[in-house]
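**Q** The following block contains the structure, expressed as structure tokens.
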Amino acid sequence: MAASVAWAEAAPSAQTKADIAALIGALKQSGCEFSRNGNWYDSAKAAAHLQQKYDYLLKKNLVPTTAAFIERAGSQSSMSGKAYQVRC
């Protein structure tokens, strides 16, 4: 139990921040479409949405690793719980 609390309170390293920025940047530049809660968005809007989620989680110290970002922000809607989809 204590390990999960420490994980939740850890701030991301500079490398983790760079990795997450690279993931969001790659999505933005991809030209792919992104489905969220049944609606499709272009890559720029998808990247902006994930950036907003990341900024929120960062303030709460809930993204100590790139894997945590993917799990908490990049794989499903936090409102509906539905998985995101990407089509290129």
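**Q** If you plug each phi of segment 53-69 into the Karplus form 6.51 cos²θ - 1.76 cosθ + 1.60 with θ = phi - 60°, what whole-Hz ³J(HN,Hα) values come out, in order, with x for Gly and Pro?
**A** Working through the residues one at a time gives 4, 4, 4, 4, 5, 4, 4, 8, 6, 10, 10, x, 9, 4, 4, 5, 4 Hz.
**Q** Shifting gears a bit: Starting from the Cα-Cα distance between S77 and A44, subtract it from 0.36 nm times their residue separation and give me the gain in nm to one decimal. Walk me through the numbers before you get to the answer.
**A** Details: separation 33, 0.36 × 33 = 11.88 nm, distance 1.73 nm.
Result for the pair: 10.2 nm of gain on full extension.
**Q** Pairs of alpha-carbon atoms within less than 8 angstrom and 6+ residues apart define the contacts here; what relative contact order does the chain have, in percent?
**A** Working: 107 pairs, mean separation 33.0, N = 88.
That works out to 38 percent.
**Q** A further question on this structure: Treating only the Cα positions of segment 32-72 as identical point scatterers, give the base-10 log of I(q)/I(0) from the Debye formula at each q in 0.18, 0.21, 0.33 Å⁻¹.
**A** -0.55, -0.69, -1.03
**Q** Compute the orientation-averaged projected area for the chain from the convex hull of its Cα atoms and round it to one decimal in nm².
**A** On the way: hull surface 22.8 nm².
One quarter of the hull surface, i.e. the mean projection, equals 5.7 nm².
**Q** Near the amide H of Q76, under 5 Å away, which other amide H atoms are found, from residues 5 or more places off or on another chain, if H is placed in the peptide plane?
**A** For Q76, whose amide H was placed from the backbone, the distant partners under 5 Å are Y84.
**Q** Moving on to the next point. Leaving ligands, DNA and RNA out of it, report the carbon-plus-sulfur percent of the accessible area of the chain at a 1.4 Å probe.
**A** Working: 3070 of 5520 Å².
C and S atoms contribute 56 percent here.
**Q** Turning to a different aspect of this structure: Could you do me a favour and compute the accessible area per residue for the chain, 1.4 Å probe, result in Å²? Intermediate values should be presented prior to the final figure.
**A** Details: 5520 Å² over 88 residues.
That works out to 63 Å² for each residue.
The values are calculated or read from the model by the stated rules, or taken from the named source; none is laboratory data. For clarity, every value in this text was computed on a predicted model and none was experimentally measured. With ligands, DNA and RNA removed, areas are computed over all heavy atoms of the protein, side chains included. Shrake-Rupley method; radii C 1.70, N 1.55, O 1.52, S 1.80 Å.
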